[in-house]
Amino acid sequence: MSGPHPLPVLSCRKCGRSNPWVYLAPVVVEGTGTCICMDCAKARGWLNAVGNLKPGVAL
């Protein structure tokens, strides 16, 4: 049995990675969208030691 895929197709707004396993700030329109992958958020210093957004960071 097939049907619509339950998750949208996402790509990272910063690096272009398709469908990252972990992502932040998804924006989806008609089944496709963008996000920020965890690697890009970490590289920009937006995450604390346990992987949560630092206080004051808004995406």
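All of the numbers you see were taken from the coordinates with simple rules; none came from a lab. Remember, it's a predicted structure, so these values are computed and weren't measured experimentally. Cβ: placed from backbone, ideal geometry, glycine included. Neighbour counts: every protein chain shown.
Annotations
- Qualifying residue in segment 17-27 (condition: out of contact with any strand residue (DSSP E or B) (no Cβ under 7 Å at 6 or more places or on another chain) and not hydrophobic (A, V, I, L, M, F, W, C)): no
- Identity of the residue in segment 17-49, touching a Leu at 6+ places or on another chain (Cβ under 8 Å) and not in a strand (DSSP E or B), that ends up surrounded by the most Cβ atoms within 10 Å (Cβ to Cβ): Ala41
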